[in-house]
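The values are calculated or read from the model by the stated rules, or taken from the named source; none is laboratory data. Keep in mind it's a predicted model, so treat the numbers as computed, not measured. FYI the Cβ positions are ideal-geometry reconstructions off the backbone, even for glycines, and counts take in every protein chain you see. For the accessible areas, the whole protein counts, side chains as well, though only heavy atoms, and no ligand, DNA or RNA atoms are used. Shrake-Rupley method; radii C 1.70, N 1.55, O 1.52, S 1.80 Å.
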Amino acid sequence: MNIYISTNMYKVNQLDEVFNILEAIQYEDMGIELFTEFNDKEFVEIVNKNINRFKKYKISLHGPYYKTEHSAQKGSAIYNKSKAYFMDTLKLSKELNSSYIVYHHNNCKIYDKEKMINNSKINLEELNELSKYYNANIVIENAGVISSQNMLFDQEEFIKICKESNNDVLIDIGHAFANGWDLEYVIKELKDKIVSYHLHNNDGDRDSHDSISYGKLSMEKFIEIYKKYTNKADLVLEYSKDYRDKVNILIEDIAYIKSKI
């Protein structure tokens, strides 16, 4: 089990600040989940500039999100752009020896559910084939929340598609909570496929990506479930950009997790 800090909490030009946190904590099992933004030239420049620093840590990658839509029709402009960004991610994964790459079936609001699901499954199959050359592990995340109108799969649909897929799974507990899912049931059903979790909290409705200590989801209860079913899975603190200047909260949350596991 490793604990990762997601760079989701930084703007592109602030990425290298994550090293300050890791140097201050100095736990052996700490790493970085790099939120890829190949749509931004500055992201590429900063990653290349700091590539040797990244190589010093355990790395996982969050697949492209901005300007990306994997539920788009194959051959469309957004599909081609999404594929190109994911190819860049695969190359980076190989260079950094990333443990996995997070995949969202969709990012946009639901407009034609059946068509979107079919497109995203076709696109994932293609990316899985491409990933073999790079020895990359693509993992499926339960992306989207009801309040944002972008939840493509409900609880049972997500469990079903994960069981049918050869891909491993990452459970975002904040998304599950905001969607009213039975977290223990989902984890129990997918325990043999879950390799990681995104940790953040919210009010049970909005996808605010708050600290695990600030929200209505009980972290103590989650940790009990985690230890019961998936105690070797990685944990990623995926906080919003509001926490860039609240590093003390992040460090306290990591200490809390370490004390409980």
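Brief remarks follow.
- Residues of the range 122-150 that are in contact (Cβ under 8 Å) with a residue 24 or more places away in the chain and in a helix (DSSP H, G or I): Ile122, Asn123, Leu124, Glu126, Leu127, Asn128, Leu130, Ser131, Ile146, Ser147, Ser148.
- Filter pass, Ile161 being among the hydrophobic types (A, V, I, L, M, F, W, C) and open to solvent by 40 Å² or more (accessible area, probe 1.4 Å): no
- Test result for Glu45, crowded, with 17+ Cβ neighbours inside 10 Å and within 25 Å of Lys81 (Cβ to Cβ): no
- Filter result for Tyr185 (open to solvent by 20 Å² or more (accessible area, probe 1.4 Å) and aromatic (Phe, Trp, Tyr)): yes
- Screening Ser218 on (1) open to solvent by 30 Å² or more (accessible area, probe 1.4 Å); (2) small (Gly, Ala, Ser); (3) in contact with a Gly (Cβ under 8 Å, 6 or more places away or on another chain) shows it passes everything except condition (3).
- Flag for Asn166 being open to solvent by 30 Å² or more (accessible area, probe 1.4 Å) and either in a loop (DSSP other than H, G, I, E, B) or in contact with a helix residue (DSSP H, G or I) (Cβ under 8 Å, 6 or more places away or on another chain) (or both): yes
- All positions within the range 43-64 that are of a type outside the set (S, T, N, Q) and in a helix (DSSP H, G or I): Phe43, Val44, Glu45, Ile46, Val47, Lys49, Ile51, Arg53, Phe54
- Within the range 213-241, the residues that satisfy the criterion of being part of a helix (DSSP H, G or I) and either within 18 Å of the chain's Cα centre (by Cα) or among the hydrophobic types (A, V, I, L, M, F, W, C) (or both) are Met219, Phe222, Ile223, Ile225, Tyr226, Lys241.
- The sole residue among Lys49, Lys58 that is within 30 Å of Ile223 (Cα to Cα) and either of a type in the set (Ser, Thr, Tyr) or free of Cβ contacts under 8 Å to residues at least 60 places away in the same chain (or both) is Lys58.
- From the list Glu33, Glu28, the one residue that fits, being surrounded by fewer than 12 Cβ atoms within 10 Å (Cβ to Cβ), closer than 17 Å to Ile254 by Cβ and not basic (Lys, Arg), is Glu28.
- Residue check for Ser99: closer than 24 Å to Tyr197 by Cβ, in a loop (DSSP other than H, G, I, E, B) and in contact (Cβ under 8 Å) with a residue 60 or more places away in the chain: yes
- Where a residue in the range 23-42 is at pLDDT 95 or above and among the aromatic types (Phe, Trp, Tyr) and its partner, wherever it lies, is surrounded by 15 or more Cβ atoms within 10 Å (Cβ to Cβ) and part of a loop (DSSP other than H, G, I, E, B), with Cβ under 8 Å and at least six apart: Phe35/Tyr65; Phe38/Pro64
- Test result for Asn107, open to solvent by less than 30 Å² (accessible area, probe 1.4 Å), in contact with an Asp or Glu (Cβ under 7 Å, 6 or more places away or on another chain), under 19 Å from Asn179 (Cα atoms) and part of a loop (DSSP other than H, G, I, E, B): yes
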